[in-house]
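Before any comments, here is the structure.
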Amino acid sequence: MWWLEPTVSRRVGKLFFGSLLPSAATPTTSKPSLLEDNLVRLARELAVDRRRHTLVIGQPGSGKSSLLKNITEDQIRPRPVIGIETDATNWSLDRNCNLLSIFDNEVFVDAPGFDTLSHPVKSYLDKFPWRSFSRYVFVLSGKIRDADEAVFTVLKSRGDAAQITVVRSKSDALTKAARDDVAADIATTLGIRKRELVLLSSRTGDGIEKLRARLFD
Ligand SMILES: Nc1nc2c(ncn2[C@@H]2O[C@H](COP(=O)(O)OP(=O)(O)OP(=O)(O)O)[C@@H](O)[C@H]2O)c(=O)[nH]1
Ligand SMILES: [Mg+2]
């Protein structure tokens, strides 16, 4: 089913980012970016790895790396890069950058945030090896953007073949009343049930046990 992937991603890309895609008249021979080369390398590395693969993916700065550090009690290796700058986790600069992280003999991929200049969502839609994962942790931290919906549509297209957990991080910044509104809004926009959503804070530890239970029990 590996061969289905480019078709799905192209269709979703067209749906949401039609204007970004080359038209039929435009030559499509532009050189792949370093990010795209790394995405192809990721596919190769996962193809020869028999362990369970979990992808942590979402907006830049949404707290993906912090979340991974916390749910593994800082035992994941290599240690995730956490930063105040966008693109703290960066696959666009180094052809040999680390792509896989290991915890408890499982593989986690701490993806760089999508929809930035150096990590355009179109490259993800076209080249990310979505089908190499049996689990996704989709992380939001604020407004849901078109790019989120485009990526989430690809994840959902896996159907029962993969488990999706949606995380709304930085819950420490939400009032009690806002938590319900935010959860309802995410559930409606993404078409999920509220119980599929984990409100989480890497600052206060809110939701960490819930996510751990979902991933490790
Ligand atoms: N208040 C609050 N800040 C958080 C939380 N999680 C992460 N942060 C902060 O948000 C910033 C980005 O965190 P990262 O974990 O690097 O985010 P990321 O999604 O991995 O970022 P990229 O790799 O750039 O996509 C850092 O300054 C973190 O300290 C949280 O739950 N609450
Ligand atoms: Mg990161």
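The values are calculated or read from the model by the stated rules, or taken from the named source; none is laboratory data. Keep in mind that what you see is a predicted model, and the values were worked out from it rather than measured. FYI the Cβ positions are ideal-geometry reconstructions off the backbone, even for glycines, and counts take in every protein chain you see.
See the values below:
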{"item": "Selection within the stretch 168-217 - outside any loop (DSSP other than H, G, I, E, B), acidic (Asp, Glu) and more than 19 Å from the chain's Cα centre (by Cα)", "result": "Asp172, Asp180, Asp181, Asp185, Glu209"}
{"item": "Neighbours by Cβ (under 7 Å, 6+ apart or cross-chain): first from the stretch 140-155, free of Cβ contacts under 8 Å to residues at least 24 places away in the same chain; second surrounded by 17 or more Cβ atoms within 10 Å (Cβ to Cβ) and outside any helix (DSSP H, G or I)", "result": "none"}
{"item": "Of residues in the stretch 62-89 being at pLDDT below 95 and in contact with a Pro (Cβ under 7 Å, 6 or more places away or on another chain), the one nearest to His119 (Cα to Cα)", "result": "Asp87"}
{"item": "Hits in the stretch 67-84 (condition: of a type in the set (S, T, N, Q) and farther than 19 Å from Ser201 by Cβ)", "result": "Gln75"}
{"item": "Residue tally, condition over 22 Å from Ala43 (Cα atoms) and within 10 Å of ligand 1 (Cβ to nearest atom), over the stretch 73-87", "result": "5"}
{"item": "Of all residues in the stretch 54-84 being touching a residue at least 24 places away in the same chain (Cβ under 8 Å) and charged (D, E, K, R), the one that is surrounded by the most Cβ atoms within 10 Å (Cβ to Cβ)", "result": "Lys64"}
{"item": "Residues located in the stretch 89-129, provided they are within 12 Å of ligand 1 (Cβ to nearest atom) and among the acidic types (Asp, Glu)", "result": "Asp110, Asp115"}
{"item": "Where Thr165 falls short, out of the listed (1) surrounded by fewer than 21 Cβ atoms within 10 Å (Cβ to Cβ); (2) part of a helix (DSSP H, G or I); (3) not aromatic (Phe, Trp, Tyr)", "result": "(2)"}
{"item": "Residue within the stretch 30-51 that is farther than 23 Å from Leu215 by Cβ, of a type in the set (Ser, Thr, Tyr) and at pLDDT 50 or above present", "result": "yes"}
